[in-house]
Structures are given as C-alpha cells and as structure tokens.
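Below: the structure, in structure tokens.
The values are calculated or read from the model by the stated rules, or taken from the named source; none is laboratory data. It should be emphasised that the depicted structure is a prediction, and the values quoted were computed from it without experimental measurement. Don't worry about glycine lacking a Cβ; one is built from the backbone with ideal geometry, like all the others, and counts go over all protein chains shown.
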Amino acid sequence: MESEFTLMAVHAHPDDEVIGTGGVLARYAEEGVRTVLVTCTNGEQGDGPGGVKPGEPGHDPAEVSRRRLDELQESAAHLAIDHVELLGYPDSGMAGWDANADAEVFSNVPLDRSAARLAELMERYRPQVVVTYDEKGGYGHPDHIQAHRIAIAAAEATGIPRKLYYTAIPRAGIAQMMDYLRDTGVDVGDFDLPEDFGTPDEEITTAVDVSAYFERKRKALEAHASQGENIFLLRMPEEAQRQALGREVFVRRFSAVPVPDGEEDDLFAGLR
Ligand SMILES: [Zn+2]
C-alpha cells in the first residue's frame, strides 16, 4: 500500500532510534508511509571494543563511530527505514565529559547552522509528522537537547511538519517496570531513577501499539552490539522487554490539524 505520507524521526546518536521510535518507524513503513531517520552525530563517545569508555586506553573515537554507523544501517534494515540521513556531527558526550570542550561537537555548533541542515532535509522529504525529544532531551544528554532544538527550529523555519511529537517515557510505567523487575528477582542494582524521570502520565497525548514489531525492535537493539553494556533493556527478562518495547508513547507538541478527543493511537490521526 502506497501513501503520500512521510514520517521523520530526529535522533542524536546511532541506537537512539530503536527504543522510543523503532516501532512507529517499522509500523508506518509497513503501511506504506515513507520513513526517514535523521541521526545527528556519529556516536564517537560511545563504548569502544570490550566496553572501553571514552578517554580510556583502546578507545579510538573514529573506530567507534565507524562501527556504530555500520550498526545503525543494520538496525535501520530491521526497522525497514527508507532513508537514513546522517548530519555527521561529532558526538558531544555526556554533560561534563572532555568532548564537550570541542567547538565542533554537535551541541557546540551554532544552532542556525545545524538547524539549516535539518531544514534542508525537511524541504527534501516534506514529512507531515516529525518525532524528536522534549526540551530536556529525554534525560539531559547535550546532543539530545540539541536534536530537540534543531527539530523545533527547522519545523518553525520551514512550516512543513503538520504534527510534531516528543518521545516520552511514562513515569508510572517506569515505576511499574522497576517494581516488576524487583518482584521477578532481577538485580536492578543501584539503578535509582530521579523522581522527575520520565513524563508525567497526564501529559502523554498519544500511545501507539507496536507490539507486533517487538521482534524487529529487539533485533534492531541487538544490532547495536558495541553499546550492549549500555542497553539495560537487553538484559531484562523477555516479558519485561515486551512490556517496555510493545507500546510507544508521545507528547504532541503541536498539530496543524484537528486531533481526536482523548488519547490518540495514531501519529497520522487527523491527516488521513
Ligand atoms: Zn543518544
């Protein structure tokens, strides 16, 4: 089935596409929607071979990015993403890391420059729906915050997206998941989440059932093998993975079309 629709997801690093948006990318692709993933950085500040961290011996940023960009292509294939667009900026690392000092890293590049690159892609693909992070970047990573900023700036400059969403992690859902893991005897260690982690449930506008795409999301996550140590979800029991990956939730930042009352279950609601 062909459609005239395009969905664009704007993410910071190779691997960010899977957990919060892998299901909608796969599901809409299957419905004939053209899907575009924009990955802003090359992920140089990820783990090196054997889990070595940036700055440690054996961590070669260029090699890490090559590996991660290969993994991204494999992940995108599992999710049937039509177009992967790389902005190619160096990864800024987490707040406080040495990489932050480099003027060329994504979060330090002037917003007008990086947003103009994304605006070009919006002009080319003309996505009706764009998905990115909220203003906190989900969890505060400088590159996630910057991805949010360029997505908003490009959407405003081009006026092309009719609907724009933030990925969300429902606060109550997380609490439930942690209880479930503790109950099933999973060692969650000192994985103590800050009280303001995630999105308050009443702010969530949209929830999409992507349970049919669970296996493909898991394969896509597994494709990012070099970052396996950081992908906590892969070490959870399958039932917990199904819960965590089977539903993707969003906060609608704006819609130029009328939206349904109550919770939406379709990012293209009102456009069809
Ligand atoms: Zn990231």
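Selection of the stretch 102-160 for residues being basic (Lys, Arg), more than 16 Å from the ligand (Cβ to nearest atom) and either over 20 Å from the mean Cα position of the chain (by Cα) or within 23 Å of Ser255 (Cβ to Cβ) (or both) yields Arg113, Arg124, Arg126. Among the residues of the stretch 219-272, those that are within 16 Å of the chain's Cα centre (by Cα) and either of a type in the set (Gly, Ala, Ser) or more than 21 Å from Ala9 (Cβ to Cβ) (or both) comprise Ala220, Ala223, Phe232, Ala244, Gly246. Can you tell me which residue within the stretch 5-37, out of those that are within 13 Å of the ligand (Cβ to nearest atom) and of a type in the set (Val, Ile, Thr), is farthest from Ala225 (Cα to Cα)? Looking at the filtered set, the residue picked out is Val10. Every listed requirement among (1) loosely packed, with under 13 Cβ neighbours inside 10 Å; (2) modelled with pLDDT of 95 or more is met by Asp266 save one, (1).
Does any residue of the stretch 42-51 turn out to be acidic (Asp, Glu) and closer than 16 Å to Asp91 by Cβ? For the stretch 42-51, residues acidic (Asp, Glu) and closer than 16 Å to Asp91 by Cβ: present. The residues on offer are Leu234, Leu181, Leu221, Leu164, and the sole one that is in contact (Cβ under 8 Å) with a residue 24 or more places away in the chain and closer than 19 Å to His78 by Cβ is Leu221.
Table: residues versus (1) more than 28 Å from Asp70 (Cβ to Cβ); (2) buried (at least 18 other Cβ atoms within 10 Å of the Cβ).
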{"residue": "Ile145", "(1), (2)": "no, yes"}
{"residue": "Gly185", "(1), (2)": "yes, no"}
{"residue": "Thr205", "(1), (2)": "yes, yes"}
{"residue": "Arg218", "(1), (2)": "no, yes"}
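Here Val129 meets the list (1) farther than 27 Å from Pro260 by Cβ; (2) in contact with a Lys or Arg (Cβ under 7 Å, 6 or more places away or on another chain); (3) not basic (Lys, Arg) almost entirely, failing just condition (1).
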